[in-house]
Ligand SMILES: [Zn+2]
């Protein structure tokens with residue numbers, strides 16, 4: 001039976017959290033919590049084993065009366081069977097509580113404002129968090145501040161990248177629209193020129209028509225500068241030209 005050693009559990013971030021958690025100093029009350037929790041875990045990695053050894057002598061007394069002990073309990077849960085993975089497909093924090101520990105795990109997590117989802121994998125209960133804010137909340141609660149910083153940095157850069165991509169896409173959509181509009185305007189001017197000549201147009205429209213023919217790729221603002229008028233006037237006149245061509 002494989003417990004706590006899935007591919008996700010071996011991801012570098014999981015090891016990083018565990019290494020950081022097992023480096024944190026233990027109070028006497030906290031050692032008690034870990035002494036009660038860790039020996040019941042099915043599988044312990046090296047950092048957790050070291051911590052379990054430190055906590056070995058402690059007598060498992062009344063548990064979780066203090067806030068520090070509740071947070072230590074969460075540390076123990078992660079050390080005993082936790083994993084964290086982040087990637088393009090999202091974030092996933094999993095906790096596989098030792099046997100008989102699920103209800104308490106859920107309750108302590110809820111007290112920290114973390115509402116876990118629960119599922120069963122190969123007969124074992126797995127508690128999961130996917131929401132980045134909640135995962136950050138967990139890392140903060142257990143005192144994994146270095147990992148929290150890395151996690152938040154990754155998250156921010158992913159969000160910035162996503163926003164940048166959205167902007168780039170919006171820009172290229174705008175550009176495509178502009179090019180299509182300019183193309184339609186050139187076609188309209190050509191149609192009018194072939195049909196009746198541009199001289200048939202009122203002079204302001206004829207001026208815009210000639211400017212568009214000369215600069216098929218120019219933006220409205222550029223045409224406006226050349227004609228000594230505003231972008232809005234140019235836009236209105238080009239619209240009129242399209243109507244004349246359609247008529
Ligand atoms: Zn304590």
Check your understanding: So how far, in whole Å, is the C-alpha centre of the range 200-247 from the one of the range 137-170?
Key -> 47 Å
Point to revise | With Cα atoms, 0 to 90° folded angle of helix 145-195 axis to the chain main axis | key: 20 degrees
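Between residue 162 and residue 218, what is 0.36 nm times their sequence separation minus the Cα-Cα distance? Round to one decimal in nm.
On the way: separation 56, 0.36 × 56 = 20.16 nm, distance 3.04 nm.
Computed gain between residue 162 and residue 218 is 17.1 nm.
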Practice item. Taking the Cα atoms of the range 61-189, report the difference between the largest and smallest coordinate on each principal axis, in whole Å and largest first. Key: 89, 32, 19
**Study point:** Cα-based Rg and Dmax for the range 171-246, where Dmax is the largest Cα-Cα distance (Å)
**Key:** 11.7, 37
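Residue separation times 0.36 nm, minus the C-alpha to C-alpha distance between residue 187 and residue 92: what's the value? Spell out each step's value before the answer.
Numbers: separation 95, 0.36 × 95 = 34.20 nm, distance 5.50 nm.
So the extension gain works out to 28.7 nm.
Can you show me the helix-derived [θ] at 222 nm for the chain, built from DSSP H runs with n ≥ 4 at -39,500 (n - 2.57) apiece and divided by the number of residues, rounded to the nearest 500.
The helix contribution divided over the chain gives -20500 deg cm²/dmol.
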Review point. So what is the orientation-averaged projected area of the chain, using the convex hull of its C-alpha atoms, in nm²?
Key: 20.8 nm²
Point to revise | Inter-label distance for residue 171 and residue 15, nm, one decimal - labels placed 7 Å from Cα along Cα-to-Cβ | key: 4.0 nm
Review point. On a 0 to 90 degree scale, rounded to 10, what angle separates helix 12-23 from the longest Cα axis of the chain?
Key: 40 degrees
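Any read-out appearing in this document is the output of simple, stated calculations on the displayed coordinates, not a laboratory observation. Note that the structure is a prediction, hence the values are computed from the model and not measured. Methodologically, a virtual Cβ is constructed for each residue, glycine included, from the backbone with ideal geometry; neighbour enumeration extends over all protein chains shown.
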